[in-house]
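The values are calculated or read from the model by the stated rules, or taken from the named source; none is laboratory data. Bear in mind that the values here come from a model prediction, so they are computed numbers and not experimental data. Glycine gets a Cβ as well: all are built from the backbone with ideal geometry, and neighbour counts include every protein chain shown. Side chains included, ligands, DNA and RNA excluded: accessible areas come from the protein's heavy atoms. Shrake-Rupley method; radii C 1.70, N 1.55, O 1.52, S 1.80 Å.
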Amino acid sequence: MGKFLAVHTLPAPATIEELAAVGKAVKADSTLDAYWIGSWCQLDEKGKITRIFCEWDAKDAASIRKVFDAVLRKVPIPPVDGIWPMAKVEAEAYR
């Protein structure tokens, strides 16, 4: 398994509550090949989400796209800007 970053730019700012159904569907449709770890959200001046950065453990980007395809059959999801391999660097490693 590798680490991946999926980035979504929202067409219009939204609240966490407005996106809750997407989060629940992604969690429910995660698989052994693609598992959603969590997300960071970029907020606008009103505190609404404009962009989402999602961390995944996955076999490959195609496995994450399969989860998104399954979720799309249930709820609309924000557009996917891309899915890229990533590495997570912890600041404590540089103490």
Cut-off 15 Å between beta-carbons: net charge of the residues surrounding residue 2, Lys and Arg +1, Asp and Glu -1 = 0
ask   = So how strong a dipole does the chain carry about its Cα centre when Lys and Arg Cβ are +1 and Asp and Glu Cβ are -1, to the nearest 20 debye?
value = 160
Per-residue ³J(HN,Hα) for the range 22-29, Karplus 6.51 cos²θ - 1.76 cosθ + 1.60, θ = phi - 60°, Hz, x for Gly and Pro = 5, x, 5, 5, 5, 5, 5, 9
ask   = Put a dot 7 Å past each Cα toward the Cβ at residue 90 and residue 69; how far apart are the dots in nm?
value = 3.6
message = What figure, in Å² to the nearest 10, do you get for the accessible area of residue 80 with a 1.4 Å probe and non-protein molecules left out?
response = 50
request  = Please tell me the relative contact order of the chain in percent, rounded to the nearest whole number, where contacts are Cα pairs under 8 Å and at least six residues apart.
outcome  = 44
task = Leaving out ligands and nucleic acids, note down the accessible area per residue over the chain with a 1.4 angstrom probe, in whole Å².
result = 65
key: Relative contact order (percent, whole number), the range 22-74, Cα cutoff 8 Å, 6+ residue spacing   = 40
key: Under 26 Å from the Cα of residue 46 - lysines, other chains or at least 8 residues apart   = 24
message = Return the Rg/Rh ratio of the chain with Cα-based radii and a Kirkwood Rh.
response = 0.99
ask   = Can you tell which of 65, 73, 51 shows the greatest fluctuation in a Gaussian network model of the chain with Cα springs below 10 Å?
value = 73
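Of the accessible area of the chain, with the probe set at 1.4 angstrom, what percent is carbon plus sulfur?
Ligands and nucleic acids excluded, carbon and sulfur give 59 percent.
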request  = Taking the dipole about the Cα centre of the chain, with the C-beta of Lys and Arg at +1 and of Asp and Glu at -1, give me whichever of 50, 72, 5 is farthest to the positive side.
outcome  = 72
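Compute the signed sum of charges (Lys and Arg +1, Asp and Glu -1) over the other residues within less than 13 Å, Cβ to Cβ, of residue 71. Please report the intermediate quantities before stating the final value.
Working: positive: 24, 27, 65, 66, 73, 74; negative: 29, 69.
Its environment carries a net charge of +4.
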query = Counting Lys +1, Arg +1, Asp -1, Glu -1, what net charge surrounds residue 38 among other residues with beta carbon under 13 Å of its beta carbon?
reply = +1
